[in-house]
Amino acid sequence: MPDAVRTAAVRAVLIMSLTIIQAMVAFLSTLTGSWLAFPMVLGSVASTVVATWAVLDVWVTRQVWNQRHGVVSEPSSTARQMRRERRRAQRAARAAERDEAGGRIRGRRNAGDLSRA
């Protein structure tokens, strides 16, 4: 993961964890009937918006980094080439097996004709 994306991800995780803690405090304050409940609920709503923004920032930062720097490695293209080679080898092996088995079956038919006569 590139440094810019990692930084945004760490920031998003910290903001999300603080938001969850704040929401829990707001919930418990509401249950106890504390005067702190209303300000905490308002703060939780605001920090939920900020946490959503932070998560979107990770996604946008990742997209921008990929667009500017491109993909470092493309293992899928290598894997695709290896799959093609493996399929060709399997087809050739099956074709050779069919040719070999086809000769044996014809021989059996000829032997079976003698027993029918």
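The values are calculated or read from the model by the stated rules, or taken from the named source; none is laboratory data. What you see is a predicted model; the values in this text were computed from it and never measured. Note: ideal-geometry Cβ built from the backbone for every residue, glycine included; neighbour counts use all protein chains shown. For the accessible areas, the whole protein counts, side chains as well, though only heavy atoms, and no ligand, DNA or RNA atoms are used. Shrake-Rupley method; radii C 1.70, N 1.55, O 1.52, S 1.80 Å.
Worth pointing out:
- For ARG108: the one exception among (1) at pLDDT below 80; (2) outside any helix (DSSP H, G or I); (3) open to solvent by 100 Å² or more (accessible area, probe 1.4 Å): (2)
- Test: residue in the range 77-90 that is at pLDDT 90 or above and among the aliphatic types (A, V, I, L, M): yes
- Number of residues in the range 1-45 that are over 29 Å from GLY70 (Cβ atoms), of a type outside the set (Ser, Thr, Tyr) and in a helix (DSSP H, G or I) equals 22.
- Residues of the range 31-55 that are open to solvent by 60 Å² or more (accessible area, probe 1.4 Å) and under 21 Å from VAL13 (Cβ atoms): VAL45, THR48, VAL49, VAL50, THR52, TRP53, VAL55.
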